[in-house]
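Have a look at the structure below before the remarks.
The values are calculated or read from the model by the stated rules, or taken from the named source; none is laboratory data. Predicted model only: the values in this text are computed from it and were never measured. Backbone-built Cβ (ideal geometry, glycine too); neighbour counts: all protein chains shown. SASA here: full protein model, heavy atoms, side chains in, ligands and nucleic acids out. Shrake-Rupley method; radii C 1.70, N 1.55, O 1.52, S 1.80 Å.
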Amino acid sequence: MRPFTLNYARPRVLPAVVTPYRYDSSMQLNVLPDGRPAVSDRELLLAAARRRPPPVHRPISTTDGGTRMTVLILTSEQDVTADMVVAELHLRSVPVMRLDPADVPGKAVLSADYAHGDFDGHLSVNGHVLSMGGLRSVWVRRPGEPAAHASDSSSWLTAETRQALYGMLYSARHGG
């Protein structure tokens, strides 16, 4: 007699072909060719989970004082798991902005003003503008290296972009 597990419980075999998906910047989600969010495809999620190491979570949060403030997610466009969080935030009507630091400068633009002792910073991604005063929290999930997608990437540009982006986020968190 063979034990039950050897006869009936077999690990699920993942399909050899995974459905292609693309990043939709207006939805801030990866979508399938038919327009559905990629997170609705179970096989795609299982395949993505098998080929990636577990994420390192480093949440940075501030209180919102009862107003609708934006959640900033720092991750790559290919992060299908972050799509689930974005989709849930959309369902809950929570404003969200997704950014890959590798897209700064380029697809994403930083601006900052310091006048009369007050700091005001803005982040613009795919036509969406986020004021640092409207930042509720930042989820650092799988960010790319700053300036990695820049046309003239260099170690100097990477260091400067990293300091500008994370310095602006740190200043927003600590009130300037």
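May I ask you to give the percent of accessible area on segment 127-176 that is carbon plus sulfur, with a probe radius of 1.4 Å? Carbon with sulfur: 50 percent of the solvent-accessible area. Accessible surface area normalised per residue over segment 117-176 is 54 Å², counting heavy atoms of protein chains with a 1.4 Å rolling probe. Judged by the mean number of other Cβ atoms found within 10 Å, the most tightly packed of the peptides 130-137, 157-164 leads the ranking 130-137, 157-164.
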